[in-house]
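Written below as structure tokens is the structure these notes are about.
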Amino acid sequence: MNPVPLARRLALAAAGAVALATGLSGTAVAQPATKTLRVVMHSDLKILDPVWTTAYIVRNHGFMIYDQLFALDANLEPRPQMVESWTASPDNLVWTFTLREGLKFHDGQPVTAEDCVASLKRWGAADTVGRRMMTFVSTMVPVDAKTFRIELKEPFGPMLKALAKSSSVPPLIMPKRVADTPYTQQISDMTGSGPFIFKRDEWKPGDKVGYVRNPDYQPRAEPPSGLAGGKVVKLDRVEWIAMPDSQTAINALANGEIDMIEQPRHDLLPVLEKEKDIAITLPDKFGAINILRFNWLHAPFNDVRVRRAAMMALNREDFLKAQIGDPRYYKVCGALFGCGTPLETTVGNEGLFETRFEEARKLLKEAGYDGSPIVLLHSTDLAVLANLAPVAKALLEKGGFKVDMRSMDWQSLVSRRSKKDPPAQGGWNIAMTAAATVLLLDPVNNHYTEATGEKAAFGWPTDAETEALRARFLRETDPARQKEIAAAVQKRVLDQGIVANLGQYLQPTAFRRSVTGLVESPVPVFWNVEKR
């Protein structure tokens, strides 16, 4: 961080602007005020390629400068964004998409069908949903400058929802010359067609990221809704200011040095609520879900009875109370695909997550658990995760487990959880995290339901029945049948202990009352926002 306080830097900049606007006579020349929104985001932007990484801050950067063919509205339904019209053949095997007029990249070049095809191919090689979709694709080709066609080998049920994916790797449209870069190689050209332009010359990791309004962007003639609708930019600039210390950021917001904090800590919200010039809102009504994973490769969690015993001992509300505290900001939710989402269901939760310690101990004895310590990974430096492992330790020990909790920073935890070695040799038994609900909306998006063994997410579960159900969901085009299959997936996943979902929490955003027009969205966006 620059050692000169932010308020002082802003004052110096303003003084400089006045000096430049003053003629030789000393008379001030009127200059238009620049509307700049200054925001402290949840993380520093160190990587720029939203396809190369799944980091949320890079995804947020992507939505500033790129656009999508389709986008999820406030109800998580896909709506056309860059697309003007589209058709699907009666058998759902041939899809044709036509772009709307006026789409231009930041360098002035028109957005073409070739750009879209190249971008989808790069996304389809990198993203979990994209890779699934590409196994169904026979051909994907431009028809003319504004139209492209996707031909499938068999119906792909979530076609439009896949094209509207918002996390973690969204299908964002780039120029073909950029999209032709292998997804394993980071891009350096930040030319997009979105509502903001990235100021690379102002990008200083650890200090500031700058964006300016794209004067050529033509928004849809619709009100904004989630990530869909009209993206009308009413600001001249947006700056992301790096302030890793939460208290410093809160002081800066109270003093007017910044305009917004994307993710203030829950335990500091009472401080903000006392400030008359500060408001708090919930821009993402779906929030995030706490996730616990068992390591299936090693004892004792290679036995389904032990996994079920652990889930009997756990209690969602205990985690949420310790993690969030304020019940306004959490939901004791048993829906694997999220409460309030189209596929919400509580099926499969019966008898689990109710701190049934006696039954858990009985099941452990039946499974032959010998009391060997289980290695529980504990993240210490992310406030929203720091209290999860201690709660798990306390509950599991009451349920009959012996727990060896290993504390470390988040990056070390991520590195360790990727190891398949036995726990005594640097591996692990239980690891916990949290994921945005929009990343977990269905059995395709929710990669924690994948049970393909060593190809699956950390924990590496294997279950042929779960995979058969997920394959049925991929091929189903009827929404009612999709919901039935999703419920069957949830029941099987919880029954087998493929993943334990430990409740849903909401992340508030704090902002000065001079800021209006914030859009309710699972991704922080800055179109429609005004600053007085």
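Of everything in segment 84-106, what is crowded, with 19+ Cβ neighbours inside 10 Å and aliphatic (A, V, I, L, M)? Give them in sequence order. 99, 103 - these are the residues of segment 84-106 that are crowded, with 19+ Cβ neighbours inside 10 Å and aliphatic (A, V, I, L, M).
So in segment 390-412, with the set limited to residues that are in contact with a strand residue (DSSP E or B) (Cβ under 8 Å, 6 or more places away or on another chain) and modelled with pLDDT under 95, which one is nearest to residue 455 (Cα to Cα)? Working first, answer last.
Going through segment 390-412, the residues in contact with a strand residue (DSSP E or B) (Cβ under 8 Å, 6 or more places away or on another chain) turn out to be 390, 392-393, 395-397, 401-410.
With the extra rule that they be modelled with pLDDT under 95, the set shrinks to 409-410.
Numbers: 409: 26, 410: 23 Å.
My answer is 410.
Within segment 122-211, considering only strands (runs of 3 or more DSSP E) that don't extend past its boundaries, which have at least 2 residues that are without any contact (Cβ under 8 Å) to a residue 12 or more places away in the chain, over 15 Å from residue 88 (Cα atoms) and touching an Asp or Glu at 6+ places or on another chain (Cβ under 6 Å)? Break it down into steps so the answer makes sense when it comes.
Numbers: elements: 137-142, 147-152, 196-198.
Of the strands (runs of 3 or more DSSP E) lying wholly inside segment 122-211, none has at least 2 residues that are without any contact (Cβ under 8 Å) to a residue 12 or more places away in the chain, over 15 Å from residue 88 (Cα atoms) and touching an Asp or Glu at 6+ places or on another chain (Cβ under 6 Å).
On the stretch given as segment 388-409, residues that are in a helix (DSSP H, G or I) and touching a helix residue (DSSP H, G or I) at 6+ places or on another chain (Cβ under 9 Å) total 9.
Against the conditions (1) at pLDDT below 95; (2) in contact with an Asp or Glu (Cβ under 6 Å, 6 or more places away or on another chain), residue 332 satisfies every one except (1).
Here is a yes/no grid of residues against (1) touching a Lys or Arg at 6+ places or on another chain (Cβ under 8 Å); (2) of a type in the set (D, E, K, R); (3) outside any helix (DSSP H, G or I); (4) crowded, with 18+ Cβ neighbours inside 10 Å:
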position	(1), (2), (3), (4)
349	no, no, yes, yes
361	no, yes, no, yes
369	no, no, yes, yes
376	yes, no, yes, yes
381	no, yes, yes, no
386	no, no, yes, no
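Residue 346 falls short on exactly one of the conditions (1) without any contact (Cβ under 8 Å) to a residue 24 or more places away in the chain; (2) in contact with a Ser or Thr (Cβ under 8 Å, 6 or more places away or on another chain); (3) β-branched (Val, Ile, Thr), and that condition is (2). Any chance segment 65-82 includes a residue that's among the β-branched types (Val, Ile, Thr) and surrounded by fewer than 22 Cβ atoms within 10 Å (Cβ to Cβ)? For segment 65-82, residues among the β-branched types (Val, Ile, Thr) and surrounded by fewer than 22 Cβ atoms within 10 Å (Cβ to Cβ): absent.
I'm checking my understanding of the structure. Among residues of segment 410-442 that are among the β-branched types (Val, Ile, Thr) and in a helix (DSSP H, G or I), which one is farthest from the chain's Cα centre (by Cα)? Quick ask: steps written out before the conclusion?
Step one: of segment 410-442, the residues among the β-branched types (Val, Ile, Thr) are 414, 430, 433, 437-438.
Then keep just the ones that are in a helix (DSSP H, G or I); that gives 414, 437-438.
Numbers: 414: 17, 437: 8, 438: 7 Å.
The qualifying residue farthest from the chain's Cα centre (by Cα) is 414.
In segment 293-303, is there at least one residue being free of Cβ contacts under 8 Å to residues at least 12 places away in the same chain and assigned to a loop (DSSP other than H, G, I, E, B)? Yes, because at least one residue in segment 293-303 is free of Cβ contacts under 8 Å to residues at least 12 places away in the same chain and assigned to a loop (DSSP other than H, G, I, E, B).
What number of residues within segment 443-488 satisfy the criterion of being assigned to a helix (DSSP H, G or I) and under 19 Å from residue 304 (Cβ atoms)?
Of segment 443-488, the ones assigned to a helix (DSSP H, G or I) are 447-449, 453-455, 464-475, 479-488.
In the following step, the residues that additionally are under 19 Å from residue 304 (Cβ atoms) were identified as 448-449, 453-454, 464-470, 488.
Total meeting the criteria: 12.
If you go through segment 349-387 and keep only what is touching a Ser or Thr at 6+ places or on another chain (Cβ under 8 Å), over 22 Å from residue 297 (Cβ atoms) and not polar (S, T, N, Q), you end up with 383, 385, 386.
The values are calculated or read from the model by the stated rules, or taken from the named source; none is laboratory data. A quick note: this is a predicted structure, and the numbers were derived from the prediction, not measured. Counting neighbours? That spans all protein chains shown, and the Cβs are built from the backbone with ideal geometry, glycine included.
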